[in-house]
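A quick write-up on the structure given underneath.
The values are calculated or read from the model by the stated rules, or taken from the named source; none is laboratory data. Because the structure is a prediction, the values reported are computed rather than measured. As a convention, Cβ positions derive from the backbone with ideal geometry for all residues, glycine included, and neighbour counts pool all protein chains shown. Quick note on the areas: whole protein, heavy atoms, side chains included, nothing else; ligands and nucleic acids left out. Shrake-Rupley method; radii C 1.70, N 1.55, O 1.52, S 1.80 Å.
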Amino acid sequence: MLRYYNLSASQFLDYLGLNKYIKGKGSDGKRNTRLSMDKQGIRPEMSDFVLPYAEFGKEHEIDGLKFYANYRKKDSSSQHKGKGSEFDFILGNQKSFEIHNFEKNDKGSVSLSATPDGLTDCFQSAVEIKCGKLGKDVYTTQEILSKYATQIFGQQWVLSTLGYPIKRTHFVNWSFEKKQVFEIKPCHEYQKYLINELETYAKHLLEDQEFTQKTPLYNNDLHDKLELIYEEG
């Protein structure tokens, strides 16, 4: 039987071995842990530490969406003013966009998929809503990049490869007291690095080979791809 695997953008960090919550020594060890899970069809379990943060984020996504929709309706400086209701595939109506046969051989195939929290502006803007730190504070720009660069830029690459005219991601950074919207433009150089490492992971998965070398790091600064376009609190 041919094998089939789907690599989701929300877990691209795992496939690069850069998720500190995956067990393993070094990025190569963490990649091998994830390889073993994928081959067995096992979903990574959340630790007791991480679980409350994940549950809080899911519970308050709707609050992040309301904040973002209100921003679009009222911000006189926004090019998107008055378009807060024009969302496609938002939250509970999310759609998974999939690139089939991203990598394949005689043993099977690997696909890439992305499921943005929303799409708007005639598919030119993806929306990602994050409600971190149990609502006590928003993520710093460095935390956004370290936690979500693989998801955001990978998601943009998947959508653009499938023919959607993605020009930006609106990253909604929500907490009880402070709320932000960042506009994140694609970085083609980083996407090239990311796709290369995902191809490497996919080949190891299909060939049933373990990693013996650490993941090369992307060393160029991505901060200039993030622009804070709105803030409250």
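Some observations on this one:
- Subset of segment 127-139 [assigned to a strand (DSSP E or B) and touching a helix residue (DSSP H, G or I) at 6+ places or on another chain (Cβ under 6 Å)]: I129
- Qualifying positions in segment 30-55 - part of a helix (DSSP H, G or I), of a type in the set (D, E, K, R) and farther than 24 Å from G108 by Cβ: E55
- The set of residues in segment 1-29 that are touching a residue at least 40 places away in the same chain (Cβ under 8 Å) and assigned to a loop (DSSP other than H, G, I, E, B) comprises L2, L16, G17, L18.
- Residue among T200, T215 that is more than 16 Å from the chain's Cα centre (by Cα), in a helix (DSSP H, G or I) and among the hydroxyl-bearing types (S, T, Y): T200
- If you check Q142, Q156 for being open to solvent by less than 20 Å² (accessible area, probe 1.4 Å) and either assigned to a strand (DSSP E or B) or more than 26 Å from K107 (Cβ to Cβ) (or both), only one passes: Q156.
- Among residues of segment 206-225 that are closer than 24 Å to R168 by Cα, those with a beta-carbon under 7 Å from a residue that is part of a helix (DSSP H, G or I) and of a type in the set (S, T, N, Q) at least six positions away or on a different chain give the pairs H223/T141.
- Any hit, segment 159-182, residues being surrounded by 16 or more Cβ atoms within 10 Å (Cβ to Cβ), in contact (Cβ under 8 Å) with a residue 24 or more places away in the chain, in a loop (DSSP other than H, G, I, E, B) and of a type in the set (A, V, I, L, M): yes
- Matching residues in segment 124-142 - criterion: being farther than 17 Å from W157 by Cβ and over 16 Å from the mean Cα position of the chain (by Cα): K133, L134, G135, K136, D137, V138, T140
- Residues located in segment 209-233, provided they are surrounded by 10 or more Cβ atoms within 10 Å (Cβ to Cβ) and β-branched (V, I, T): T215, I229
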